[in-house]
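A short write-up of the structure that comes next.
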Amino acid sequence: MKIDVLTLFPAMFAGPLDESIIKRARQAGLLDLSVHNLRDYAHNRHKTVDDRPFGGGPGMLLKPEPIFEAVEKLARERTRVILLSPAGRTFNQAIARELALQDDLLLVVGHYEGFDERVREHLADDELSIGDYVLTNGALPAMVIIDAVTRLLPGALGDEQSACEESFSHGLLEYPQYTRPAEFRQWKVPEVLLSGNHAEIAAWRAQQAKARTWERRPDLL
Ligand SMILES: C[S@@+](CC[C@H](N)C(=O)[O-])C[C@H]1O[C@@H](n2cnc3c(N)ncnc32)[C@H](O)[C@@H]1O
């Protein structure tokens with residue numbers, strides 16, 4: 001999969017995407033990630049990418065010209081252009097699965113008060129929010145989406161089963177998990193998990209996943 005990111009702050013992407021599973025996916029050639037500086041597409045003397053909103057109001061907006069130029073240069077025929085915005089549809093595991101099937105994503109990261117509306121109307125294929133709160137810019141949301149999508153790419157996780165059994169994969173939260181020691185500060189691991197009976201363990205996990213979802217996230221059921 002190819003993911004391009006267009007941002008005013010490329011340096012924010014160093015670190016989180018250079019560690020662990022994402023790093024391995026990049027090294028294995030499963031993810032080809034390129035981060036581009038929006039300012040490289042501003043042509044006036046001060047490399048201006050923002051301006052005041054017509055009609056007044058606080059803050060600055062990202063101007064359309066540099067974004068259109070960058071996207072038109074970077075996007076290929078099948079690229080899905082996604083704006084990060086609190087007004088987008090809320091990102092979730094189903095959308096991560098949908099994106100993981102694409103070959104080519106271009107994430108356009110907002111800053112200041114956001115984008116000139118024409119970017120939304122005439123350039124974006126999709127608009128995603130990572131939740132009902134406002135962040136300083138879209139770099140963290142872009143990294144959240146890249147992370148969630150990359151771990152779904154075939155071969156990205158060591159054990160393919162782990163992505164199938166995680167929270168949200170069957171519309172349920174994950175069941176409780178334990179590791180050694182079997183007893184810690186007098187708290188014991190449930191007997192069934194030590195039984196070696198795979199059918200009973202599977203039944204217990206299914207029941208626990210349902211109960212936990214019912215208790216914490218009934219909206220998922
Ligand atoms: C300060 S925010 C702009 C908020 C905008 N004025 C509004 O009220 O919707 C700047 C940028 O951060 C990003 N951003 C902030 N919160 C976000 C969220 N919850 N999900 C996705 N992107 C977000 C977007 O790219 C946005 O353009």
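Only DSSP H runs of four or more residues enter the estimate; each adds -39500 (n - 2.57), and after division by the residues of the chain the mean residue ellipticity at 222 nm equals -9500 deg cm²/dmol. Scanning the chain for chymotrypsin sites (Phe, Trp or Tyr not before Pro) that sit in a DSSP loop and have at most 14 other Cβ atoms within 10 Å, the longest stretch containing none of them is 55-132.
Remark on region 31-177: hydrodynamic radius 16.8 angstrom, per the Kirkwood mean of 1/r across alpha carbon pairs. Using the 1.4 Å probe convention, the accessible area of the chain works out to 60 Å² per residue with neighbouring protein chains retained. Could you tally up the Lys pairs in the chain with alpha carbons closer than 28 Å? Skip any pair fewer than 8 positions apart unless they're on separate chains. Summing the qualifying lysine pairs gives 9.
Remark on S129: its backbone amide H falls under 5 Å from those of S85, G88, R89, T90, F91, a criterion applied only to residues 5 or more positions apart or on other chains, H modelled at 1.01 Å from N. Considering only trypsin sites (Lys or Arg not before Pro) in DSSP loops that have at most 15 other Cβ atoms within 10 Å, the longest stretch of the chain without any of them is 79-184. For region 7-79, with all protein chains in place and a probe radius of 1.4 Å, 52% of the accessible heavy-atom surface sits on carbon or sulfur. For D147, the solvent-accessible surface computed with a 1.4 Å probe is close to 70 Å², ligands and nucleic acids excluded.
Alpha carbon centre of region 133-184 versus region 1-23: separation in Å? Region 133-184 and region 1-23 have Cα centres spaced 18 Å from each other. Phi angles of region 44-52 translate, via the Karplus equation with coefficients 6.51, -1.76, 1.60 and θ = phi - 60°, into HN-Hα couplings of 7, 4, 9, 6, 6, 10, 10, 7, 6 Hz per residue; Gly and Pro are given as x.
The values are calculated or read from the model by the stated rules, or taken from the named source; none is laboratory data. The model shown is predicted, which means the values in this text are computed figures rather than measured ones. Note that we place each Cβ from the backbone using ideal geometry, even for glycine, and neighbour counts take in every protein chain shown. We work out accessible area using only protein heavy atoms, side chains counted, and drop any ligands, DNA or RNA first. Shrake-Rupley method; radii C 1.70, N 1.55, O 1.52, S 1.80 Å.
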